[in-house]
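These notes concern the structure reproduced below.
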Amino acid sequence: MKITVYGIVQGVGFRPTVYRVAESLGLKGFVLNNGSNVEIHVDRDAEEFMKELKKALPALARIDRAEYEQVEENFVDFRIVESHDGRRVSLIPTDTAICDNCVADFGRQGNRRHLFPFTNCTECGARFTVISDLPFDRARTSMSDFPMCKECTSEYTSPSDRRFHAQTISCPKCGPRYTLHDKQRRRLKGDPFTLFASGIDSGAVGLLKGWGGMHIICTFENASKLRKIYRRGDKPYAVMMRDLETAKKYVDISEPERRLLTSPQRPIVLMHKKARAAEELERVSPGLGNLGVMLPYSGAHVLMFHHLKADGVIMTSANPPGEPMCIENDKAFDLGLDLYLMHNRRIIHRCDDSVVKVNSGSTNFTRKSRGFVPVPVEANHKHSVIGVGAQWDVTGSVSRSGEIFLTQYVGESQQYPTLQYLDDAVHHLMGLLGVKSVEAIGLDKHPKYSTRIVARRLAKELGAELVETQHYHCHAASLKIDRKVSGPLVCLTWDGTGYGDDGTSWGGETLLADFHEYKRLGSLDGIPLLGGDRAVVDPKRVVTALHLKLGREATMASSEEEDLYSKMLDRSVVASSMGRVLDAVSCIIGVCCKRTYEGEPAIKLEKWLETGNPRFEFELEFARKGEIEVARTLPMFNQLMDLKIMTERDRADAAASFVKTLVRSLADSACSYAESNGLKQVGLSGGVSFSGPITAWVKETVERRGLQFVGHERISNGDGGISTGQNAIAGALLG
């Protein structure tokens, strides 16, 4: 019997497991990886074999389906045979944290991998970041540069060994090596990890090269020093803690958060700071109530903490501002740091750390990357389509045979190196998937988004149709794909600003959307953006526009600025943006009036929304503008500006009162639209939905009305999900 198995069957110890199960049952035959699936040939008892195989599956393996075919063959024994390069329909292995067995090997005196930072087996280690092509064999990885020694070859060929056919196997004798360098590129003598850890404990800012990129590292106390070097304003840093028990000293960890922290994917998890640790962590994540924490996921991290005294360290991606993370040793020295701990294994594909947040019981990805890509989601079409994302938090997508695969996180696309990274990531994913022809390229309608350059280049290269998609339609479509919503969905799409069909900037929309089309049901009052994009980075301009619209004194502008802004007011781009509303609230109550990173005023407001008591009375009125119901936020701002905000308690209560009233009123309105259209679900998407309180208030309102709340779980709420929406919409329009 020939059994063809589809699923996650590459790079996860699947074939060795097949071998062991077949041997235990006394079966003859062979197993091979042909690039599209795994073929298993057995001489008898195929059903019993598959039953036992499913019981013995490695932790990361997954069987989606199996096909059976009777064949005439003669076998002598059971073997693993050389891989073939078939049609690519296999799922691509993801990078996975070092497993407990390898940690034990690493820490055991006398073991030949004692303190070896590249320790791994068939169930753990780098996969996606070191693979150049499928099938997943050593010759197609960056480990091809390191021929196996006699001992590793013995393990690799021994069916009883857990490193049997582990493609990235190595040891201190034959594997990659770390070296330590100073800022003048000089190699330092001595044990590199001992010296590096000592330097970090003593106040140095260093770089550690990992599996899929490089991290800049320093202690919590040196956060300010790092900000001066790295020019990141108040943007929060992620940290890596020594272990779970240490992390509990600094943050509150719920059971879902613990499962994420310790999962094989080891993402950064956003969690609430403990009150007693808030002061120490203030320089790490200024003005925020939460902290991004991850645990060691490679032997190098475990070895670093073996020598470090600190409980934890800041670990942030090593990239020049606006550019992709460094993967080449020579380029890393341009960062001007104190120490460089680097190895000599090539990184074939950079892959940033994933960032997740448990939000109203769901897992929200603020960045979906290492450990979670390229895992597919079910598509709404069977076409081959590419999506290139928007402008910020960019990912690409490629669809094949009814599934959509996302690239790793790419980042902000204004700089040419990032656009090239997007292009490379899409091409690499196409190569791994065996996608050679593409029917359509989905891109954002915004005429100035840089990703359109990549879309046009791909369309010309592949002879594919360009399909322009509306930004908020893509948010709704990505949510429908995420949660498998087949019919129309009433969806609240809230974020900063996106290109509107009417020439204004959107960002606070209520849509009735399916994959083919959408209808704009509701929106927010338009706020003039004085100076366009300048207002996006300067909340005082948004507040001044509100002052002028309300006939109030412009207290956040000089008299000269007020005169100028008055002349600009009626000529400025207007934004119906929930993000700008939250920026304005944050600035008015004195939380944040200067943006140093994307979404900062609104993100810093979240802590105040969590602690506030909505004791102030606000009223939200609605007005009709054609077929659209417009929420009149201007009178609410007038009420907010009249409040006497004297204390921190007043700030929190005022913020919670304003935002809760607005959010619940809009959610109620969305529920009414759903009911009038005979629908049972209301969705929430866009960057604003990362806010815990806002999501909770929408969910409570929807469920109180007897409807089902639909929020993100597998695809990013923010612009990281736009390429999925583009893919879904373009595919639907192809028919």
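Those residues that are touching a helix residue (DSSP H, G or I) at 6+ places or on another chain (Cβ under 9 Å) and either in a helix (DSSP H, G or I) or on the phi > 0 side of the Ramachandran plot (or both), I need them from region 505-536; list them, please. Give the steps one after another, and end with the answer.
Step one: of region 505-536, the residues touching a helix residue (DSSP H, G or I) at 6+ places or on another chain (Cβ under 9 Å) are 505-518, 520-522, 524-525, 527-531, 534-536.
Passing the criteria: GLY507, GLY531, ARG534, ALA535, VAL536.
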Inter-residue pairs, beta-carbon under 7 Å, first in the same structural domain as ALA59 (by TED's automatic domain parsing) and on the phi > 0 side of the Ramachandran plot and in region 4-24, second surrounded by fewer than 23 Cβ atoms within 10 Å (Cβ to Cβ) and modelled with pLDDT under 85, 6+ apart
GLY13/PRO58
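If you check PHE128 against the conditions, is it crowded, with 24+ Cβ neighbours inside 10 Å and either touching a Lys or Arg at 6+ places or on another chain (Cβ under 7 Å) or part of a loop (DSSP other than H, G, I, E, B) (or both)? Steps first, answer last, please.
On the way: crowded, with 24+ Cβ neighbours inside 10 Å: yes; either touching a Lys or Arg at 6+ places or on another chain (Cβ under 7 Å) or part of a loop (DSSP other than H, G, I, E, B) (or both): yes.
Considered against the rule, which asks whether it is crowded, with 24+ Cβ neighbours inside 10 Å and either touching a Lys or Arg at 6+ places or on another chain (Cβ under 7 Å) or part of a loop (DSSP other than H, G, I, E, B) (or both), PHE128 comes out as yes.
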Show the residue pairs that are 6+ apart or on different chains and have beta-carbon atoms under 6 Å apart, the first residue being within region 542-556 and within 12 Å of ALA584 (Cβ to Cβ), the second being among the basic types (Lys, Arg).
VAL542/ARG580; MET556/LYS540
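Report whether or not ASP145 is surrounded by 16 or more Cβ atoms within 10 Å (Cβ to Cβ), farther than 19 Å from ASP338 by Cβ and of a type outside the set (Val, Ile, Thr).
Considered against the rule, which asks whether it is surrounded by 16 or more Cβ atoms within 10 Å (Cβ to Cβ), farther than 19 Å from ASP338 by Cβ and of a type outside the set (Val, Ile, Thr), ASP145 comes out as no.
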Do you know which of the residues in region 404-444 that are crowded, with 17+ Cβ neighbours inside 10 Å, more than 19 Å from the chain's Cα centre (by Cα) and of a type in the set (D, E, K, R) is farthest from ILE327 (Cα to Cα)?
GLU439
Picked from region 577-597 (must be charged (D, E, K, R) and surrounded by fewer than 24 Cβ atoms within 10 Å (Cβ to Cβ)), the residue nearest to the chain's Cα centre (by Cα) is ARG595
Going by the conditions given, is GLU465 surrounded by fewer than 24 Cβ atoms within 10 Å (Cβ to Cβ), among the acidic types (Asp, Glu) and touching a residue at least 24 places away in the same chain (Cβ under 8 Å)?
yes
Being hydrophobic (A, V, I, L, M, F, W, C) and within 25 Å of ASP234 (Cβ to Cβ) is the filter; apply it to region 333-358 and report the residue that is surrounded by the most Cβ atoms within 10 Å (Cβ to Cβ).
VAL356
Between a residue in region 252-273 that is farther than 16 Å from MET241 by Cβ and any residue that is not β-branched (Val, Ile, Thr), which pairs come within a Cβ distance under 6 Å, given they are 6 or more apart or on different chains?
PRO264/ALA97; GLN265/GLY371; GLN265/PHE372
I'd like to verify a number: residues in region 212-235 that are in a loop (DSSP other than H, G, I, E, B) and over 15 Å from ALA277 (Cα atoms), how many?
7
Name, by its number, the condition in (1) out of contact with any Phe, Trp or Tyr (no Cβ under 7 Å at 6 or more places or on another chain); (2) at pLDDT 95 or above; (3) not in a helix (DSSP H, G or I) that does not hold for THR119.
(1)
Need a quick list: strands (runs of 3 or more DSSP E) entirely within region 18-82 having at least 1 residues that are among the acidic types (Asp, Glu).
38-42, 62-69
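The values are calculated or read from the model by the stated rules, or taken from the named source; none is laboratory data. Since the structure is predicted, the reported quantities are computational estimates derived from the model, not experimental observations. With ideal geometry, Cβ positions are generated from the backbone for all residues, glycine too; neighbour counts draw on all protein chains shown.
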